[in-house]
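This report concerns only the one structure given below.
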Amino acid sequence: MLSEIIEKFSKLSANIKNHERDRYSGTYQWRNKSKSWLFDIELEDECSWQLSLPSLTPDYQLYIDESDLDALVNKKIDPLGAINSGKLEVGFNNLSEKDENKSHVQRFLNVIFNKGTIDEDIKTLLEKFSPKADDVPSCPITYSNEEVERFIKTGSPCLLKKSACTQWGLYQMDEQEILNKINKDHEVNLLMGEHKPDEGESAEYRTSTLRQYVTSLLNGKAVNLSYMAANSVPEALYDHFEYPPYFDRSAFNIPRWWIGPQNTGLGLHRDLVDNFLYQLKGTKTVYIFSPSESEYLYPVVFGGNPFYEPSSVNLFSPDLKRHPNFSKAKGIHVELSPGDMLYLPAGWWHCIKNVDISWSVNFFAVNQRPAVLSNIKN
Ligand SMILES: O=C(O)CCC(=O)C(=O)O
């Protein structure tokens, strides 16, 4: 099995462009959780990526069990999920640079597995070419894919009613039918508390089986309002949904699903890639701000996910002493009901609140440039 994994790694090396080689050059040593050596990969400035013998002083050490490594190279879990869930740990010699190194490795893995490179220029371009807050005074509602395609070209969010998800098995099945399709030990990550980048606090997660979580959710007991946020949709469900029809399938990574009780959600942030969010069960409210409002939203630099940027503003109890310009930000909001699909163009800020028990699935177009910039050169 290891030889297949190594072969897949070699193929993925084609994703690494020359300028990335420079940025990520170094020796990455992969070990399993019991610390046995699996392989080293070495990326040098100008030359190709190669497998090498164990280095005594690797720049980065990555600890992952072989089964999880297999899931990672086969793109059944993504690097962000693997790190957040503790399946993949990153080790270094120099503990004082722990967070920085972890971010570096996470970014590097995004380059390999998601073709993910976001340069700072993208933010400027998104701000320049996306519609401004005044151009989108409310979220447009549409009933056709043709209209959605027009919004995608102009970089405007829109809500599609009666979307294609109403035809998916995943939409039509009830909770018990979904559970019956999935291995009963299938593990999920529950978000117990969001990170507080301003205060240097990381997000808190715990694990559970999907079965236990959904059962307690349905019994009204989802512990401390935990949120099953951004988990990879399990393979057993791959035949029960379709990818968004607007881009080629290869634009997307594995869809993520989001399940949680009333009042769970996610704080204000933005993703620098196009996103399609389908609502399967329950309702959620999404608060949205144009990239043109960024200067009022106090973005913070955080973590190693290059596609993600949080704001330090708490939308539900803003601290205007710390964030005085937030009072100038113009936002819109929209409610998603079962069967709806929200198109969130790259760079649009959003904050989520589940109104009742909510199940959603989203697709990030991590392998392509934001659609609004497709004809714009930087
Ligand atoms: O549905 C949610 O709670 C979060 C969704 C989200 O933030 C996203 O799709 O980017």
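Across the stretch 309-332, the number of residues qualifying as in a loop (DSSP other than H, G, I, E, B), among the small types (Gly, Ala, Ser) and touching a residue at least 12 places away in the same chain (Cβ under 8 Å) comes to 2.
Each residue in the stretch 269-286 was checked for being out of contact with any helix residue (DSSP H, G or I) (no Cβ under 7 Å at 6 or more places or on another chain) and either on the phi > 0 side of the Ramachandran plot or within 11 Å of the ligand (Cβ to nearest atom) (or both), and 12 of them qualify. The set of residues in the stretch 276-304 being polar (S, T, N, Q) and surrounded by fewer than 23 Cβ atoms within 10 Å (Cβ to Cβ) consists of THR283, THR285, SER292, SER294. Condition (residue is touching a residue at least 60 places away in the same chain (Cβ under 8 Å) and within 18 Å of LEU373 (Cβ to Cβ)) applied to the stretch 136-146: is it met by at least one residue? Yes - at least one qualifying residue is present in the stretch 136-146. Would the stretch 274-295 turn up any residue that is in contact (Cβ under 8 Å) with a residue 24 or more places away in the chain, within 19 Å of ALA203 (Cα to Cα) and in the same structural domain as GLU149 (by TED's automatic domain parsing)? Looking for residues that are in contact (Cβ under 8 Å) with a residue 24 or more places away in the chain, within 19 Å of ALA203 (Cα to Cα) and in the same structural domain as GLU149 (by TED's automatic domain parsing), one finds none in the stretch 274-295, hence no. Selection of the stretch 312-350 for residues being within 13 Å of the ligand (Cβ to nearest atom) and out of contact with any strand residue (DSSP E or B) (no Cβ under 9 Å at 6 or more places or on another chain) yields an empty set. Here ILE6 fits the description: under 30 Å from HIS186 (Cβ atoms) and at pLDDT below 80. If the condition is being of a type in the set (Ser, Thr, Tyr) and within 12 Å of the ligand (Cβ to nearest atom), then the stretch 210-268 contributes TYR227, THR264. Only one entry of TYR238, TYR246 meets the criterion of being touching a helix residue (DSSP H, G or I) at 6+ places or on another chain (Cβ under 9 Å) and among the aromatic types (Phe, Trp, Tyr), and that entry is TYR246.
Do we find that SER317 is within 18 Å of PRO157 (Cα to Cα) and of a type outside the set (A, V, I, L, M, F, W, C) in this structure? Even if it seems obvious, please write down each step before you answer.
Values: within 18 Å of PRO157 (Cα to Cα): no; of a type outside the set (A, V, I, L, M, F, W, C): yes.
Spelling it out, it is not the case that SER317 is within 18 Å of PRO157 (Cα to Cα) and of a type outside the set (A, V, I, L, M, F, W, C).
When the stretch 321-363 is filtered for residues that are aliphatic (A, V, I, L, M), surrounded by fewer than 23 Cβ atoms within 10 Å (Cβ to Cβ) and farther than 29 Å from ASP78 by Cβ, only ILE332 remains.
Do the conditions hold for PRO306, that is, is it touching a residue at least 12 places away in the same chain (Cβ under 8 Å), under 23 Å from SER156 (Cβ atoms) and away from the ligand (no atom under 12 Å from the Cβ)? I'd like the intermediate steps shown before the answer.
Numbers: touching a residue at least 12 places away in the same chain (Cβ under 8 Å): yes; under 23 Å from SER156 (Cβ atoms): no; away from the ligand (no atom under 12 Å from the Cβ): yes.
No; evaluated as a whole, the condition is false for this residue.
Can you pull out every residue in the stretch 351-378 that is polar (S, T, N, Q) and away from the ligand (no atom under 16 Å from the Cβ)?
Kept after step one, since they are polar (S, T, N, Q), are these residues of the stretch 351-378: 354, 358, 360, 362, 367-368, 374-375, 378.
The answer is ASN367, GLN368, SER374, ASN375, ASN378.
The values are calculated or read from the model by the stated rules, or taken from the named source; none is laboratory data. The structure displayed is predicted, hence computed values, not measured ones. Methodologically, a virtual Cβ is constructed for each residue, glycine included, from the backbone with ideal geometry; neighbour enumeration extends over all protein chains shown.
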